[in-house]
1. Just by accessible area at a 1.4 angstrom probe, what is the order of HIS13, HIS161, HIS76 from largest to smallest?
2. What percentages, rounded to whole numbers, describe P(r) for the range 1-90 computed over all alpha carbon pairs with 5 Å bin width beginning at zero?
3. Per residue, how much accessible surface does the chain expose to a 1.4 Å probe? Answer in Å², no decimals.
4. Once you charge only the Cβ atoms, +1 for Lys and Arg and -1 for Asp and Glu, what is the size of the charge dipole of the chain about its Cα centre, to the nearest 20 debye?
5. Answer with one residue from ILE118, ALA9, GLY185: the one whose Cα lies farthest towards the positive end of the charge dipole of the chain, charges on Cβ with Lys, Arg +1 and Asp, Glu -1.
6. Using a Gaussian network model on the chain with a 10 Å cutoff between Cα atoms, which of ALA164, ALA140, ALA28 fluctuates the most?
7. Write out the trypsin sites (Lys or Arg not before Pro) in the range 1-32 meeting two conditions: DSSP loop, and at most 16 other Cβ atoms within 10 Å of their Cβ.
8. So what is the relative contact order for the chain, in percent, with contacts set as C-alpha pairs under 8 Å and at least six apart?
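The values are calculated or read from the model by the stated rules, or taken from the named source; none is laboratory data. The structure presented is a predicted model; accordingly, all values stated were derived computationally and were not measured. Heads up, the Cβs are rebuilt from the backbone with ideal geometry, glycines too, and the neighbour counts pull from every protein chain shown. Side chains are part of the model used for accessible areas, which takes the heavy atoms of the whole protein and leaves out ligands, DNA and RNA. Shrake-Rupley method; radii C 1.70, N 1.55, O 1.52, S 1.80 Å.
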Amino acid sequence: MKTVLHKAATRGHQDHGWLKANHTFSFANYYDPERVHFGALRVLNDDHVEGGMGFGMHPHANMEIITIPLSGELHHKDSMGNFGAIQKGEIQVMSAGTGVQHSEFNGREDEAVNLLQIWVIPNKMGVQPRYDQIKIADSAKPNDFQQIVSPNSDDEGSWIHQDAWFNLANFDKGTAKEYQLKKEGNGVYVFMISGKAKVGEVELSERDGLGVSETDRFTVEALENAEILLMEVPMNLPRM
């Protein structure tokens, strides 16, 4: 099993006052040639947005964008006519495809919103843009992996244009579960939302990330109560 460890404190950090952003991979003014992507996983941003503030309308194309709120309320508006709010226990998926514009802002004045925004390089370019928002809290699986994203529209969770599977895990201290990869040649990026866990022989703390590849399975053990995001993605990308 091959691993690459990214400790929380080594992430790129930007403080704009209203926005405090941590970048696991190169993004905006943060660039590290050793941390451009993990396979098809291109962006993993951990953003804190102050009350009433947000990102104005801006364009995206040919990218699968997954937004996972961790606290607060995030409002979304896009050029496809979608408008709504998402909170912890929900996820939002947008296939930018041929091009879409959207804005994201904190829907509350009195508290910050914390969210993960994740970009996955798609396996199809120029698709029709689409938007999806689903509630995942009702199907949460304590001490097990809960699939929230897959390549299949009829599978659990939402879907994207890539052979990628995302799982959330809320583990009590002492819980150990084996994760088996869905597709040969894929890797998994494990991101610790909270708590502490061990993946193989590597110990992870809050906001640490670990890329795992060249294996078909590994064990995740919670060293204390932990919330963990596992993102399985292709490691070898074809030229588009």
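1. Values: HIS13 110, HIS161 30, HIS76 0 Å².
Solvent-accessible surface, decreasing: HIS13, HIS161, HIS76.
2. That works out to 3, 10, 18, 23, 21, 15, 6, 2, 1, in percent per bin.
3. I get 44 Å² per residue for the chain.
4. On the way: 22 positive and 34 negative charges, 106 e Å.
Charge dipole, the chain, about its Cα centre: 500 debye, nearest 20.
5. About the Cα centre, the residue reaching furthest to the positive side is GLY185.
6. Highest fluctuation of the listed residues: ALA28.
7. Working: sites: LYS2, LYS7, ARG11, LYS20; in loops: LYS7, ARG11.
Here the trypsin sites (Lys or Arg not before Pro) that fit, given the DSSP loop and packing criteria, are LYS7.
8. Working: 664 pairs, mean separation 46.4, N = 240.
Relative contact order for the chain comes out at 19 percent.
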